[in-house]
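Beneath this line is the structure, given in structure tokens, with notes to follow.
The values are calculated or read from the model by the stated rules, or taken from the named source; none is laboratory data. Only a predicted model underlies this, so the values are computations on that prediction, with no experimental measurement involved. Here the Cβ positions follow ideal geometry from the backbone for every residue, glycine too, while neighbour counts run over all protein chains shown. These area figures cover heavy atoms from the full protein model, side chains too; ligands, DNA and RNA do not enter into them. Shrake-Rupley method; radii C 1.70, N 1.55, O 1.52, S 1.80 Å.
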Protein chains: 2
Amino acid sequence: MADSSFPAGPRIAVVGGGAIGGYYGGRLAEHGHDVHFLLRSDFAQVRDHGLQIISPDGDAHLRVSCADRAEDIGPCDLVIIGIKATSNDALPALLPPLLHEGTLLLLLQNGLGGDEYLAGHFGAERVLGGLCFVCINRTAPGVIHHLAQGRISLGEFSGAPRDRTRQIAAMFQDSKVDCKVEPSLAAARWHKLVWNIPFNGLSVVAGGLDTAAILADAGLEKLVHELMTEVREGAERLGHTLPEHLADAMIANTRPMQAYKTSSLLDFEAGREVEIESIWGEPCRRAQAAGANVPRLEMLYELLRSVAAEKARSRCKE
Amino acid sequence: MADSSFPAGPRIAVVGGGAIGGYYGGRLAEHGHDVHFLLRSDFAQVRDHGLQIISPDGDAHLRVSCADRAEDIGPCDLVIIGIKATSNDALPALLPPLLHEGTLLLLLQNGLGGDEYLAGHFGAERVLGGLCFVCINRTAPGVIHHLAQGRISLGEFSGAPRDRTRQIAAMFQDSKVDCKVEPSLAAARWHKLVWNIPFNGLSVVAGGLDTAAILADAGLEKLVHELMTEVREGAERLGHTLPEHLADAMIANTRPMQAYKTSSLLDFEAGREVEIESIWGEPCRRAQAAGANVPRLEMLYELLRSVAAEKARSRCKE
């Protein structure tokens with residue numbers, strides 16, 4: 001597949017009708033792109049009533065093409081995957097009808113492991129990854145509330161950015177979505193983990209705290225800093241250089257934010273699965289395999305595993 | 001105060017009518033000792049209906065001397081303190097009417113800090129400490145259920161055992177209570193912390209687990225071992241030599257125990273205060289001051305502080 005193979009007027013599938021798929025796929029559809037949504041629980045609602053986006057960047061109520069079977073969409077040039085990492089197991093069975101030889105896969109997901117999983121099943125050459133910096137909720141079937149931010153950081157799984165990477169970024173840019181091309185997808189993933197690992201993790205295991213409550217406690221703030229330092233050390237051992245003083249800068253940037261409940265805490269409280277392996281387990285294992293000393297990260301991972309398992313057990317008993 | 005000053009037929013006060021004070025004080029009273037209970041919430045019940053012990057070592061229903069004001073008891077030769085560490089602040093105001101110049105104070109409490117607190121207020125010379133290895137509950141006012149074990153490990157705050165230490169131990173031994181004299185109270189306290197810090201701590205922050213559930217999870221078992229190693233290193237840095245392979249031995253001894261809910265977990269679940277500073281905070285600070293590297297202990301302490309504070313806040317909202 002040559003670099004020039006990403007066509008003008010691409011046929012696009014969006015897998016997952018949650019907040020991420022609905023918002024970014026919706027913005028592309030709104031701006032005239034040929035977008036097809038593969039939906040499950042939201043299918044009937046979106047088919048009959050369309051997709052609704054409520055956003056400070058502009059509301060939209062869109063009639064969109066959607067299907068509840070991949071066969072009804074057929075091969076596309078780009079598949080945007082907006083499901084949670086905990087559902088990645090479904091992809092090998094789900095995606096094949098959407099693929100032709102040159103189909104690109106864009107995985108919009110936090111954490112580590114998903115890119116490699118797609119590469120293993122469908123070939124590394126076609127995999128791109130994206131990190132979404134966005135506050136967004138699916139508040140009802142087919143209804144997406146976009147609250148703030150929205151940037152996608154986009155990179156190639158198998159190396160440096162190419163023409164196609166920039167073409168996809170430009171497509172988002174032309175559709176009201178800020179999109180930045182990353183020189184290294186892996187480094188970008190680790191960079192985001194430096195924030196997500198402490199804040200998402202502590203928000204759950206420290207008793208259900210938002211970001212402001214975490215930083216209001218000097219002991220927890222110190223722990224955030226130490227966790228960030230461990231994650232950074234893991235990244236560096238793996239060859240990913242991150243900005244100097246990253247922990248200090250991230251804490252300073254988080255402090256003036258409004259009290260923010262992390263997505264992991266919202267998932268945990270609602271009884272939904274938390275992306276424990278991709279955000280904590282896989283980073284921990286990779287950092288340790290590279291020789292990094294990450295005792296707090298490992299402990300946080302073990303505690304999250306345990307509290308999530310207990311929560312699931314207590315749910316089953318109800 | 002000479003070593004020989006602990007009198008035959010001592011006058012004994014017991015402060016605290018919870019499980020510890022009720023059980024050990026009750027055993028002494030049962031065996032003919034001159035015991036006076038200082039009670040608060042259980043006063044009327046014990047005054048009118050006596051103290052009841054239900055135990056595999058023999059039940060007892062005792063008419064005991066009790067009071068709800070220390071002045072009504074007056075000076076004693078030994079004051080046995082069976083309150084939680086979280087209530088130690090009350091002692092400087094509570095104890096003086098019970099003291100004469102030679103009164104000994106025996107603090108039956110886990111963790112660190114209480115001995116020093118008593119020594120600071122009443123003089124180091126009179127302070128002894130004890131660690132109770134016992135499964136025991138106060139199930140109703142004046143009713144103590146003793147389930148298993150019962151040993152007290154007894155030591156002097158200010159140094160090696162003396163005649164009086166052995167005399168007090170003998171008094172317990174003669175009253176159906178196994179009592180061992182410890183060459184070093186501080187080492188005995190650290191020894192017990194090697195177990196309590198991981199098991200009591202993880203039982204709370206890992207999602208409400210009993211000992212069997214903790215050890216059934218390989219990741220948590222590894223964390224138990226690592227925490228035990230950190231606590232041991234803290235003790236060693238402070239000059240307390242603990243047995244070789246202590247972590248392995250304690251885990252091996254805990255595995256065949258019945259699923260056991262730690263007292264900290266019972267306290268936490270019931271909305272009672274957890275002894276966070278004496279079991280985690282003070283050991284962590286002392287280990288760090290001695291140069292030990294205890295990242296997991298520090299993290300456990302911070303998480304416990306936070307979940308307990310959140311629990312207290314949510315209780316206030318109810």
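Observations, loosely collected:
- Subset tally (residues that are open to solvent by less than 10 Å² (accessible area, probe 1.4 Å) and over 21 Å from A:Glu275 (Cα atoms)) for the range A:75-94: 3
- Here B:Ala13, B:Ala8, B:Ala29 are screened, and the one residue that is open to solvent by less than 50 Å² (accessible area, probe 1.4 Å), among the small types (Gly, Ala, Ser) and farther than 18 Å from B:Leu94 by Cβ is B:Ala29.
- Elements of type helices (runs of 4 or more DSSP H) contained in the range A:149-229, each with 3 or more residues being away from every other protein chain (no Cβ under 14 Å) and within 14 Å of A:Met250 (Cα to Cα): A:185-205
- Subset of the range B:283-309 that is among the basic types (Lys, Arg) and within 12 Å of chain A (Cβ to nearest Cβ) - its residue that is farthest from B:Gly201 (Cα to Cα): B:Arg285
- Residues that are within 23 Å of the chain's Cα centre (by Cα), surrounded by 14 or more Cβ atoms within 10 Å (Cβ to Cβ) and not in a helix (DSSP H, G or I) within the range A:41-56 comprise A:Asp42, A:Leu51, A:Gln52, A:Ile53, A:Ile54, A:Ser55, listed in sequence order.
- Test: B:Ala312 is surrounded by fewer than 17 Cβ atoms within 10 Å (Cβ to Cβ) and either more than 12 Å from chain A (Cβ to nearest Cβ) or among the acidic types (Asp, Glu) (or both): no
- Qualifying residues in the range B:147-177 (those that are open to solvent by 60 Å² or more (accessible area, probe 1.4 Å) and hydrophobic (A, V, I, L, M, F, W, C)) - the one farthest from B:Ile53 (Cα to Cα): B:Ala160
- For the range A:241-253, residues that are buried (at least 17 other Cβ atoms within 10 Å of the Cβ) and not hydrophobic (A, V, I, L, M, F, W, C) total 0.
- Criterion (touching a helix residue (DSSP H, G or I) at 6+ places or on another chain (Cβ under 9 Å) and part of a loop (DSSP other than H, G, I, E, B)) met by exactly one of B:Gly111, B:Gly130, B:Gly102: B:Gly111
- Of all residues in the range B:276-304, those being open to solvent by 40 Å² or more (accessible area, probe 1.4 Å), in a helix (DSSP H, G or I) and farther than 17 Å from B:Thr86 by Cα number 4.
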